[in-house]
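Report on the structure given below.
The values are calculated or read from the model by the stated rules, or taken from the named source; none is laboratory data. Quantities reported herein were computed from a predicted structural model and do not represent experimental measurements. Glycine gets a Cβ as well: all are built from the backbone with ideal geometry, and neighbour counts include every protein chain shown.
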Amino acid sequence: MKILVGNWKSNGNMSDKKKLFAAIERTKTDIKIILCLPYTLLCCNKSNKIAIGAQNISDYTNGAFTGDISGQMIHDTGAKYVLVGHSERRTYHHENNAIVKNKANLAVQNKLIPIICIGETLAEHQSNKTKPVIKKMLLNSIPDYGNFIIAYEPRWAIGSGKTPKQTEVAKIHQMIFDILKSIDKEKTPILFGGSINAKNITRFKNIPHVDGFMVGRASLKSETFLPIIKSMN
Ligand code: 13P
């Protein structure tokens, strides 16, 4: 089953959430939809069609860690997923692979499925380092046990309107699949993301080992999100 993850980042309020949920409920689809919402919107969803994810998880378990939201707390809201190591966390909060792996482990321990994000910078892309960079990020960011999802999002594609060539995406997804297979994790879904919209998705949706997409801006409103759902049907 194809997966579509919407990442709202630091956007959206209750009313936006209600509107998008209602629009998705009215849409016929067989794909798996996961909305990764701000902590303030995680709670209390009744939809059978939409699974909920958080966008970050504390490095700590419950305790005296003011301002942190633990895996147990996320699980308690009913959320089933959590983004780990999103490029914006790696950039603005200096999360390295070791931190990401620890968070992925904490997610699994708290019955959450981590969506582990990996992607090269523009400089790495331009100097042909994408493959070694992605390989290292992948092997050093995944949890010690349990299921997870991989989201390949080139950092330079996020929010920029730029996307890699079809052939580049195909090569990287094949490499990620081969690595996962070598560690008996070939059933792990591999998503692609970065400036995805209803137009450009057609270029990527039939690439082998692209099991779905992760979408930022275009996931905020039904006008841009529903056409993506429809094109994945
Ligand atoms: P955009 O789709 O806004 O480029 O964001 C991608 C992203 O970061 C999803 O996690």
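Would a scan of the stretch 165-175 turn up a residue that is without any contact (Cβ under 8 Å) to a residue 24 or more places away in the chain and either of a type in the set (Phe, Trp, Tyr) or farther than 22 Å from Ser58 by Cα (or both)? If you could, list the steps in order and put the result at the bottom.
Of the stretch 165-175, the ones without any contact (Cβ under 8 Å) to a residue 24 or more places away in the chain are 165, 167.
Subset that is either of a type in the set (Phe, Trp, Tyr) or farther than 22 Å from Ser58 by Cα (or both): 165, 167.
The answer is yes; a qualifying residue exists.
Per-residue answers, yes or no, for (1) farther than 11 Å from Tyr152 by Cβ; (2) within 16 Å of the ligand (Cβ to nearest atom); (3) in contact (Cβ under 8 Å) with a residue 24 or more places away in the chain:
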position: Lys162; (1), (2), (3): yes, yes, yes
position: Asp178; (1), (2), (3): yes, no, no
position: Asp184; (1), (2), (3): yes, no, no
position: Ile201; (1), (2), (3): yes, yes, yes
position: Val210; (1), (2), (3): no, yes, yes
position: Leu220; (1), (2), (3): yes, yes, yes
position: Glu223; (1), (2), (3): yes, yes, no
position: Pro227; (1), (2), (3): yes, yes, yes
position: Met232; (1), (2), (3): yes, yes, yes
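Quick test of your reading of the structure: Lys19 fulfils all but one of (1) more than 16 Å from the ligand (Cβ to nearest atom); (2) in contact (Cβ under 8 Å) with a residue 40 or more places away in the chain; (3) assigned to a loop (DSSP other than H, G, I, E, B); (4) not aliphatic (A, V, I, L, M). Name the failing condition by number.
(3)
Just checking, which of Asn56, Asn105, Asn45 is of a type in the set (S, T, N, Q), closer than 24 Å to Glu153 by Cβ and either touching a Ser or Thr at 6+ places or on another chain (Cβ under 9 Å) or not in a helix (DSSP H, G or I) (or both)? So that I can check it myself, show each step before the final result.
On the way: Asn105 fails: either touching a Ser or Thr at 6+ places or on another chain (Cβ under 9 Å) or not in a helix (DSSP H, G or I) (or both); Asn45 fails: closer than 24 Å to Glu153 by Cβ.
Exactly one residue qualifies, and that residue is Asn56.
Return the total of residues in the stretch 201-219 being assigned to a loop (DSSP other than H, G, I, E, B) and within 15 Å of the chain's Cα centre (by Cα).
3
Restricting the search to the stretch 142-156, which residues are within 17 Å of Ile190 (Cα to Cα) and within 15 Å of the ligand (Cβ to nearest atom)?
Within the stretch 142-156, Ile149, Ile150, Ala151, Tyr152, Glu153, Pro154, Arg155 meet the criteria.
Need the failing condition index for Ser10 against (1) touching a residue at least 40 places away in the same chain (Cβ under 8 Å); (2) part of a loop (DSSP other than H, G, I, E, B); (3) within 16 Å of the ligand (Cβ to nearest atom), just the number.
(1)
Can you tell me which residue among Asn56, Asn45 is closer than 24 Å to Phe21 by Cβ and at pLDDT 95 or above?
Numbers: Asn45 fails: at pLDDT 95 or above.
Selected residue: Asn56, the only one of Asn56, Asn45 that is closer than 24 Å to Phe21 by Cβ and at pLDDT 95 or above.
Which count do you get for residues in the stretch 59-82 that are assigned to a loop (DSSP other than H, G, I, E, B) and either among the charged types (D, E, K, R) or at pLDDT below 95 (or both)?
Filtering the stretch 59-82 down to residues assigned to a loop (DSSP other than H, G, I, E, B) leaves 59-70, 77-80.
Filter once more, keeping what is either among the charged types (D, E, K, R) or at pLDDT below 95 (or both): 59, 68, 80.
Selection size over the stretch 59-82: 3.
Residues checked against (1) at pLDDT 95 or above; (2) under 19 Å from His75 (Cβ atoms); (3) out of contact with any helix residue (DSSP H, G or I) (no Cβ under 6 Å at 6 or more places or on another chain):
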| position | (1), (2), (3) |
| --- | --- |
| Gln109 | yes, yes, yes |
| Ile158 | yes, no, no |
| Gly161 | yes, no, yes |
| Gln166 | yes, no, no |
